[in-house]
1. Between a first residue in segment 13-26 that is in the same structural domain as Val137 (by TED's automatic domain parsing) and a second residue that is in a loop (DSSP other than H, G, I, E, B) and surrounded by fewer than 15 Cβ atoms within 10 Å (Cβ to Cβ), which pairs have beta carbons less than 7 Å apart while being 6 or more apart in sequence or on different chains?
2. Here are some residues: Ala178, Ala173, Ala151. Which one is modelled with pLDDT of 90 or more, touching a Lys or Arg at 6+ places or on another chain (Cβ under 8 Å) and closer than 14 Å to Gly95 by Cα?
3. Criterion first (touching a Leu at 6+ places or on another chain (Cβ under 8 Å) and either more than 15 Å from Val263 (Cα to Cα) or buried (at least 23 other Cβ atoms within 10 Å of the Cβ) (or both)) does Leu302 satisfy it?
4. Considering only segment 266-282, I want to know if a residue exists there that is without any contact (Cβ under 8 Å) to a residue 24 or more places away in the chain and either surrounded by fewer than 24 Cβ atoms within 10 Å (Cβ to Cβ) or in a helix (DSSP H, G or I) (or both).
5. Report yes if Gly193 is part of a helix (DSSP H, G or I) and farther than 14 Å from Gly235 by Cβ, otherwise no.
6. Just one of Gly154, Gly142, Gly168 is under 21 Å from Gly18 (Cα atoms) and either touching a strand residue (DSSP E or B) at 6+ places or on another chain (Cβ under 8 Å) or not assigned by TED's automatic domain parsing to the domain that holds Val263 (or both); which is it?
7. Hey, any hits in segment 39-57 for a residue that's surrounded by fewer than 19 Cβ atoms within 10 Å (Cβ to Cβ), among the hydroxyl-bearing types (Ser, Thr, Tyr) and either more than 26 Å from the chain's Cα centre (by Cα) or under 18 Å from Leu169 (Cα atoms) (or both)?
8. Does segment 128-141 contain any residue that is at positive phi, surrounded by 20 or more Cβ atoms within 10 Å (Cβ to Cβ) and either without any contact (Cβ under 8 Å) to a residue 60 or more places away in the chain or touching a His at 6+ places or on another chain (Cβ under 9 Å) (or both)?
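The values are calculated or read from the model by the stated rules, or taken from the named source; none is laboratory data. All of these numbers come straight from a predicted model, not from anything done at the bench. As a convention, Cβ positions derive from the backbone with ideal geometry for all residues, glycine included, and neighbour counts pool all protein chains shown.
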Amino acid sequence: MIPALDFFSVPRIVFGRGKLATALPELAGPLGPTILVVHNGGHGPLDRVTAALKGKGVRVVPLRQKGEPTVDEVDAGLHLARVAGCTGAIGVGGGSAIDTAKAIAGLMANGGTVLDYLEVIGRGQKLTKPAVPWLAVPTTAGTGAEVTRNAVVGSPERKFKASLRSEGLLARAVIVDADLGTDVPANVTAWSGSDALCQCVEAYTSAGGNPMTDGLALKGVELAGRSLRRAVADGADADARDQMAMAALLSGVALTNAGLGAVHGFAAPLGANFDVPHGAICAALLPVVIETNIMAAAAAGLTAVVNRYADVGRALADNPGLEPDQALSSAIRGTQELAKAIGIPPLKKFGLSPARVPEMVALAKKASSMRFNPVPLSDEKLAEVLTRAIG
């Protein structure tokens, strides 16, 4: 039987090179006269947004977001937006800039502070009003935050990252223009692309998956498997950049409707406790989690779960004719070899040690993503996964 489902998506997605300049002037109209533009630094994307809005009678209020947003940074950005009288927002950059813009837009409409609404570490109140109008313009092919209904915010004091979550946080529109990613450094391309791939794999194998997300997620695996190495090796490879931009977009739509799994369950506490890029966590953990889930599913007689990982292996290898054993091997070895090829180190390089494993396991079990892992994993299995990823 097809499971009951709710499917969330942004009202409009504009995809293609050069679309920022042609689509932004029209789409920015509902944002009002004063627009908060959250960006990751550097003048390229910010200047291009400003240029596209020139002559449209709007005032741009820039806000730089350095790294993944924290509770204090979001609240400070919210204060700036209120003082400046902002009527809308644009997030241009990676997932950190987009999630910051998303969170601020939601709080501008609902009042209060970010901790009033954060899951797990906050008060968990519901966002009852739609965010003020905002647009997402991704420059890195990674998080898919442009099309998700949650904003991830970290709390260094609480050693955890959590989400504000509501369909009211969805952007009014998204502009995906791969021209904006040409100058993204190779290491950032590797990290962000690894996140996109991981999100597609986890959404396809998630306990929350459904027929609408399955095709999107599996196509994303295929695109990332075909193009991530090329995008890292040559940032000017237009075809690879386009394919990775689409893979990231598909990953965001899939995850917001299907959920993720153990990799992202671990990512929440690891990212809050160690200075490690989110995508590096994903790349280091993904092959270990895949192998552990396959073995646990096989032991539990969950043939459908094992078959899904075989589908992942075929998509990653771009070879639909692989026999089941070959396909499962491709899912494990393919993600291992890809991480190595694009320069992802083991997690020990970021300061994670075996002594911290029990603490990280306990925190990871609280993450919302963990409940969507396709097979239950014991504390011992989770500790084994993380220990192997340390290297």
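1. Within 7 Å, the pairs are Pro25/Lys56.
2. The match here is Ala151.
3. No, not satisfied.
4. no
5. So Gly193 does not fit the description; no.
6. Gly142
7. no
8. no
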